[in-house]
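None of the figures in this text is laboratory data; all of them are computed from the coordinates on show. Predicted model, so just to flag it, every value in this text is computed and none were measured. No Cβ is skipped: glycine too gets one built from the backbone with ideal geometry, and neighbour counts run over all protein chains shown.
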Amino acid sequence: MPGLVLSTNVAHIQQDPGGDDRISGINKLPVATGIDVFIPGPNYGDGSGVVGDAIGDSLHHGGAHKAIYAYSREELDFFDPTYRNGYFGENLTTSGIVLEDLLINQQVRIGTTLLEVSIPRRPCRTFAHWLDIKGWLKTFTQRGLPGSYFRVIEEGHINPGDPIEVLQAPDHDITMSMAFRAKMGNKDLARRVVAANCLPARYHEELLKLI
């Protein structure tokens, strides 16, 4: 049985929980009618790839490589079964698929869209204050299962219940989990990710500086 989308989620705009003078889109709520997905501009500040979604931290979020964020129901349950879908800021709450086992640049078809695994999430101050759990960033990082950002290759619509069809693997073995751990400081993995040359230029350069 393939993985599927349990819930499609869009931001409920509120004040940034970290105290910054800006809005935040981390609090996402389920939308039963699904979401329309499009290709945003290439850079941070170019917004979400989901119609009606919102991003507050335009210096570090939005744009083509962070168009859509997915996180699994299984991981929400691991931390707290009372967390509702969308609570970690994900546009797609999934089930039955280990998102972190997907390879960087692997494509998936969901609904009428075609998405591509892009870059890892870096847990941020807003996320920490939203959860309001002491040591949360360290806990999330050590778990090593951050969900996945996707870029949009073909625009379309995604509904709750849509299956996630994983397409042909790219010609490297770098998983989202490996890329995340490299991003968070694992130099051995950073060397492997750099050697695979599978990340967009700015993220590749960040790992080069790390090693």
Rounded to whole Hz, the Karplus (6.51, -1.76, 1.60) HN-Hα couplings of segment 86-100, x for glycine and proline: x, 5, 8, x, 8, 6, 10, 9, 10, 8, x, 9, 8, 4, 6
Distance-filtered residues of segment 1-22 - backbone nitrogen under 17 Å, label point 7 angstrom along HIS157 Cα→Cβ: 5, 7-10
In Hz, Karplus ³J(HN,Hα) per residue of segment 51-64 (6.51, -1.76, 1.60; θ = phi - 60°; x = Gly, Pro): 4, x, 7, 9, 10, x, 8, 6, 7, 10, 9, x, x, 4
Gaussian network model of the chain, springs between alpha carbon atoms under 10 Å - residue of PRO30, PRO160, PRO200 with greatest fluctuation: PRO200
Eligible lysines near LYS28 by straight Cα distance, threshold 30 Å, same-chain separation 8 or greater: LYS66, LYS134, LYS138, LYS183
Normalised contact order of the chain, rounded percent, pairs of Cα under 8 Å and 6 or more residues apart: 24 percent
Separation of alpha-carbon centers, segment 62-117 and segment 126-149, rounded to whole Å: 15 Å
Table column - 3J(HN,Hα) (Hz), segment 124-133, Karplus curve with 6.51, -1.76, 1.60, x for Gly and Pro: 10, 4, 4, 4, 4, 6, 5, 6, 6, 10
Environment charge of LEU4, counting only residues whose C-beta is closer than 14 Å and scoring Lys/Arg +1, Asp/Glu -1: -1
Highest-MSF residue in the chain out of PHE180, PHE79, PHE140 [GNM, Cα springs under 10 Å]: PHE79
Gained length - ASP173 relative to TYR83, 0.36 nm times residue gap less alpha-carbon distance: 29.2 nm
Tensor-based shape of the chain (alpha-carbon gyration tensor, a/c under 1.5 rounded, otherwise prolate or oblate): rounded
Point-to-point label distance, THR33-VAL51, nm (Cα→Cβ direction, 7 Å offset): 0.9 nm
